[in-house]
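Since the structure comes first, as C-alpha cells, the remarks are kept for the end.
Rule-based calculations on the coordinates, nothing more; no lab input. What you see is a predicted model, and the numbers here were worked out from it, not measured in a lab. Cβ atoms come from the backbone with ideal geometry, glycine included; neighbour counts cover every protein chain shown.
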Amino acid sequence: MTRRSIRTPGDLLEGKLVDEADIPELADVAHRYAVSITPAMQDRILDPDDAVGRQFVPTGLELITTPEETADPIGDEPFTPLKGITHRYPDRVLFKPVHICPVYCRFCFRREVVGPGDGMLKGQDLEAALDYIRRHPRIWEVIFTGGDPLIIAPTKLRPMLEALDAIDHVKVVRFHTRVPVVDPRRVTDDLVEALRLPTPVWVVVHTNHSQEFGDDARAALARLVDAGVPLVSQTVLLKGVNDTPEALEDLFRTLIVNRVKPYYLHHGDLAQGTGHFRTSIAEGQALMRNLRGRVSGMCQPTYVLDIPGGHGKVPIGPVYLPGDGKVTDPWGTEHVYPPQPADG
C-alpha cells in the first residue's frame, strides 16, 4: 500500500511523530498553519527532533508570536499590484500561480497565505497576471513561486511557460521549489519536458540539511540536470537544524556533488511563530567565516537578509577588510594590503 502524506495531528500521532498529550495544542497549530509531510520526508525523519523532523513536525512553539514578527515579514503585499504578481524589483517579478505545497515548513515566511484548498491561479486572474508581464517591458526574469510551483501538473504548467516564452522581453524563467528533494516522485519525464523551453529555465531548489537527500531525491536532481535544466539552491539558516559549520559544510558539499550550486543562505525571516528557529546575524556571519577556506568556493552561498517591509535582499556575510590597510585571511590572520596608488 502506498503511504500518504501526513496532514493532521491524528496522522502525526499515528506516524509516532508526536505524543498523544500534545494533540490538543497541535490542533490549535494546525488550525492556524497548514501541515503536510510527504512520504519521502517521513522516510528521512529519524526522530521528530532531528534536522528533518524539526522542519516539518509542528510544535506548540509556533503559537508564540513576538512583537517584531508579522504576517508579511518581507513586505510582499505593498508590491502586489494584482493577484499572482509581486513586483518589487524593476527587472523581475514573482509569479505565484499556486498557493499549496507538498510539505509545509514550520518556519515558512508565507505561512499565513499558503495551505490546503483551491490555491490555483486560473481563468481571468491567470490571464491578467500574464498580461501584466506582457505590458511591462522591463521585466527580464519571471520567478515562479507560491506555494510550490512544481506541484502543478505538467499539462497545466506547460501553457503558462509557453505564454511566457512568447513574450520577447522575458529572457529567463526561474522556479523556486522544494519538490525535487521533498517530493521527488513529481519530477517525471513529463515535468522535465514541460521545463524545456527556448527561454532558459533555471530551478532553485530549497533544501536545508543533507539528511533530506534520499536516493529518490538524488535521482530527481540528476533527471533535471541531465535534461539541461541548471540548478542552484537556497537554504534557510535554522537554529537546531543547520546552525553548525559541520551541518552547512555537509549540505553544501552534498549539493555540489549532485550538481546543484549553493546560491543563497537566508537569514530567518520575522514570520509569526518562528522565533525558535532564528539565529542572530552575528551567529550566521561566524558560520560563513568558518566555512571560508574550509570548503571549496563552489560550496559558498551568499548569506542574505530580506529586509522587512519589502526593501529587498542584501548580503550580510562577514567582512575581511578591518581597515588600516589590512585584509584578514580565512583563518583570521591580518595582512597588509598595498594602498591604491594616487592618480597622476
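Within the chain, DSSP assigns beta bridges of which about 30% are antiparallel (rounded to the nearest 5). Calculated FRET efficiency, Thr244 to Met298, Cβ-Cβ distance, R0 = 25 Å: about 0.75 to the nearest 0.05.
When the helices of the chain are scored as -39500 (n - 2.57) per DSSP H run of n ≥ 4 and the total is divided over every residue, the value at 222 nm lands at -8000 deg cm²/dmol.
Mind checking which aspartates and glutamates have their Cα closer than 15 Å to the Cα of Lys326? Skip sequence neighbours fewer than 8 apart in that chain. Excluding near neighbours in sequence, the set is Glu334.
Quote to one decimal, in nm, the extra length available between Arg4 and Leu82 on full extension: 0.36 nm per residue of separation minus the C-alpha distance between them.
Contour length minus Cα-Cα distance gives 24.6 nm.
Result for the chain in a Gaussian network model with C-alpha springs under 10 Å: among Leu238, Leu130, Leu221, the largest mean-square fluctuation is at Leu130. The residues Phe107, Phe79, when put in order of fewest to most other Cβ atoms within 10 Å, stand as Phe79, Phe107. Remark: spin-label model distance Ala153-Val232 equals 3.3 nm, labels positioned 7 Å along the Cα→Cβ axis. Other residues lying with their Cβ under 13 Å from the Cβ of Arg111 contribute a combined charge of -3, Lys and Arg counting +1, Asp and Glu -1. When each of Thr235, Thr65, Thr333 is scored by the number of other beta-carbon atoms lying within 10 Å, the sequence from fewest to most is Thr333, Thr65, Thr235. The Kirkwood hydrodynamic radius of segment 149-267, based on inverse pair distances between different Cα atoms, is 14.8 Å. As a rough footprinting exposure proxy, the listed residues Arg111, Arg138 were ranked by other beta carbons within 10 Å of their own, and the order from fewest upward is Arg138, Arg111. Taking amide H as placed 1.01 Å from N in the peptide plane, the amide H of Lys326 sits under 5 Å from that of Tyr337, each at least 5 places away or on another chain.
Straight-line cross-link partners of Lys96 among the lysines, defined as a Cα under 16 Å from its Cα and at least 8 positions apart when in the same chain: Lys83, Lys122, Lys156. Taken over segment 70-336, the alpha-carbon convex hull comes to 140 cubic angstrom per residue.
Amide H contacts for Ile316 (H built 1.01 Å from N in the peptide plane; partners 5 or more residues away or on another chain; cut-off under 5 Å): Tyr303, Val304, Leu305.
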